[in-house]
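The values are calculated or read from the model by the stated rules, or taken from the named source; none is laboratory data. Please read these numbers as outputs of a predicted model, since none were measured by experiment. Note: ideal-geometry Cβ built from the backbone for every residue, glycine included; neighbour counts use all protein chains shown. Calculation scope for accessible area: heavy atoms of the full protein, side chains included, ligands and nucleic acids excluded. Shrake-Rupley method; radii C 1.70, N 1.55, O 1.52, S 1.80 Å.
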Amino acid sequence: MPDARAVIDPAVVVGQVDDRLFGSFVEHMGRAVYGGIYEPGHPSANAAGWRRDVVELVREMGVTLVRYPGGNFVSGYDWEDGVGPRQARPTRLDRAWRSIESNAVGTDDFLAWTRLVGLEPMLAVNLGTRGVEAARNLVEYCNGQAGSRYADWRAANGHPRPYGVRTWCLGNEMDGPWQIGHTSAIEYGRLAADAGRAMRLVDPSIELVACGSSGSKMPTFGSWEETVLDIAWEVADHISLHSYYDPAAYETVGDYLACSLDLERMIDTVAATADAVADRKGSRKRIGLSVDEWNVWHFAEHRSREDPEGPYRVAPSLAEDEHDLADALAVGCLLIALLRHTDRVRIACLAQLVNVIPAIRTVDGGAAWRQASFHPFADVARLGRGTVLGFALDGPTYRVDGEGQVQAIDAVAVRDAAAGSVTVFAVNRLDRPLGLEAELRNLGPLAVDEHRILTDPDIHASNTAADPDRIAPRPGVNARIGAGRLSVELPPRSWNVVRLTDAAGEGSAGGT
Ligand code: AHR
């Protein structure tokens, strides 16, 4: 008897996966840029100073989009400092992270890096210390055709063709008292509406993300979104939500692995709030959700901010968390939560990519390696394309304070019609093996094509420079198909991927 039974039914569709769901984030913070993606003089650096070892890992991770340049950093950033001849760029004090910013990397450089890697940029404008004009000018600089001041400046800097940056954040976390320029929802809503209108006058094709809440525990969560959307309704295509989960805030690993329930509630609340505003306005518009900062964060354990009394420093080591297997499984549950909400979540950014709350870590002048959490992300970015199907699950539960009974197995199924495949992603949250049997309803004959497991006897094992592959996926051997059902045993505390492909020729797993 399996511990859990499920039904995967193509008649029950959650939504289509947007390519931008597999985004990440590079902020001018700590060693994310300097020593992370950019390190001239590193043995692997190319002529432009980009670390090729990091480029390779970002490609392997399957990241589709990267948000830049912040984060809190953007709220004090003058984008003009970071373009033009490097030797003429000013050195500035970055107040967000108490760092010295050389401006060696700026907008043109970052956009060149995204092209090198092969991913889409998502830029944020400064609505903290700057405003409508600087935002408008940056859109003109990036997307304008030659023949106007800022587009011509770009061309003079060696980039005659417009970049065509599609997705833009209207500031960052403006609801947070820590944010430079933090303000009320009403003031921010007006500023976002004005800036968004001005930016669209330059390029009507851009998509705009208004700032939502920095977390579900913010005192203004809900009311902030309602007010901002009410005022900035015409310009907002998306509203952001940010969510980080600190393992130190949970009593047990089981409690920690249930953190994705908070993200699911947050997504549902923001979607309902946006739809309530739409109804009030008599609008059929459906605002997209941009979960443009999400991750686990060992906030209490590692230094995330510089000493407020200490000196400003160049690329200080900040938030260089080491992710263990528990973190990787939490990230797996958060990825499943995002997939389960593809009807509303259009954009999501694992925050961050390199060295800061990182998926990838580096040593200055030395190695780059994958954190444990890199692996579930890479699996989902590679195989989680297409349509998310309903995954009705009846299985064991366990009690989590504040949540009630939580499913021991968290799982989702994604069908890629073009590839004729169905992939099941599953986390076993318990410390005992669990058998899962899933009925494959109306999906035609399928065979197990790939089965990967991420686990370890030690839930706190992690990858280090000395042992970079301690936590890495291993092939699974016990996934079987029989009588239209998938049976698989999920090892204790594990991340599991089972890809099924058409066993009888084109079309049986496909549908339309
Ligand atoms: O990702 C680190 C920081 O977390 C970002 O700068 C900020 O937006 C959030 O509070």
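In bins 5 Å wide, starting from 0, what share of all Cα pairs of segment 293-420 does each bin hold, as a percent?
Reading the bins upward from 0: 2, 9, 15, 18, 16, 15, 10, 7, 4, 2, 1, 0.
More than 25 angstrom separation, counting every C-alpha pair in segment 384-499; what % is that?
Result: 28 percent of Cα pairs exceed 25 Å.
On each of the three principal axes of the Cα atoms of segment 1-99, give max minus min coordinate, whole Å, ordered largest first.
Dimensions of segment 1-99 along the principal axes of its Cα atoms: 67, 34, 25 Å.
In square nanometres and to one decimal, what's the mean projected area of the convex hull around the Cα atoms of segment 440-494? Kindly include the intermediate steps, with their values, before the conclusion.
Values: hull surface 19.2 nm².
Quarter of the Cα hull surface area: 4.8 nm².
Restricting to Cα pairs below 8 Å that are 6+ residues apart, what does the relative contact order work out to for segment 59-168? Please round to a whole percent. Intermediate values should be presented prior to the final figure.
On the way: 152 pairs, mean separation 30.0, N = 110.
Normalised by residue count, the contact order of segment 59-168 is 27 percent.
So what is the relative contact order of the chain, in percent, for Cα pairs below 8 Å that sit 6 or more residues apart?
In percent, rounded to a whole number, it is 19.
Please give the per residue accessible area of segment 421-510, computed with a probe of 1.4 Å over protein heavy atoms only, in Å².
43
Per residue of the chain, what 222 nm ellipticity follows from adding -39500 (n - 2.57) for every DSSP H run with n ≥ 4, rounded to the nearest 500?
The helix-only estimate for the chain comes to -7500 deg cm²/dmol at 222 nm.
Find how many whole Å separate the alpha carbon centroid of segment 111-139 from the alpha carbon centroid of segment 202-239.
18
Along the principal axes of its C-alpha atoms, what lengths does the chain span, in descending order and rounded to whole Å?
69, 59, 47
Take the Cα atoms of segment 53-150, find their three principal axes, and give me the spread along each one in whole Å, biggest first.
Cα extents, longest axis first: 38, 37, 27 Å.
If amide hydrogens are placed 1.01 Å from N in the peptide plane, which non-local residues have theirs closer than 5 Å to the one on residue 216?
So residue 216 has HN proximity to no qualifying residue.
What ranking do 108-118, 203-213 get when scored by the average of other Cβ atoms within 10 Å per residue, highest first? The partial results should precede the final answer.
Working: 108-118: 17.5, 203-213: 21.8.
In decreasing order of mean packing, 108-118, 203-213 become 203-213, 108-118.
I'd like to check one number: the per residue accessible area of segment 18-383, probe 1.4 Å, reported in Å² as a whole number.
I get 34 Å² per residue for segment 18-383.
Order the peptides 126-139, 151-164, 437-450 from the highest to the lowest mean number of other Cβ atoms within 10 Å of their residues.
The most tightly packed comes first, giving 126-139, 437-450, 151-164.
What whole number of Å gives the distance from the Cα centroid of segment 446-493 to the Cα centroid of segment 381-418?
16
Counting only C-alpha contacts under 8 Å and six or more residues apart, can you give the relative contact order of segment 107-249 as a whole percent? Show your work: numbers first, answer last.
Working: 238 pairs, mean separation 32.8, N = 143.
Relative contact order here is 23 percent.
Would you mind computing, in nm to one decimal, how far apart the modelled labels at residue 183 and residue 280 are, each placed 7 Å from Cα along Cα→Cβ?
It is 2.0 nm.
Could you please report the charge total around residue 140, scoring K, R as +1 and D, E as -1 over all other residues with beta-carbon less than 15 angstrom from its beta-carbon?
Summing Lys and Arg as +1 and Asp and Glu as -1 gives +2.
Tally Lys and Arg at +1 and Asp and Glu at -1 over the other residues with C-beta under 12 Å from the C-beta of residue 435: what net charge comes out?
Value of the local net charge: +1.
Would you kindly derive the ³J(HN,Hα) couplings of segment 475-488 from the backbone phi angles with the Karplus curve 6.51 cos²θ - 1.76 cosθ + 1.60 (θ = phi - 60°), listing them in order in whole Hz, with x for Gly and Pro?
Using θ = phi - 60°, the values come out as x, x, 10, 10, 8, 9, 10, x, 6, x, 10, 9, 10, 8 Hz.
When the accessible area of the chain is computed with all protein chains present and a 1.4 Å probe, what percentage of it is carbon and sulfur?
50
Near the amide H of residue 320, under 5 Å away, which other amide H atoms are found, from residues 5 or more places off or on another chain, if H is placed in the peptide plane?
HN-HN under 5 Å from residue 320: 357.
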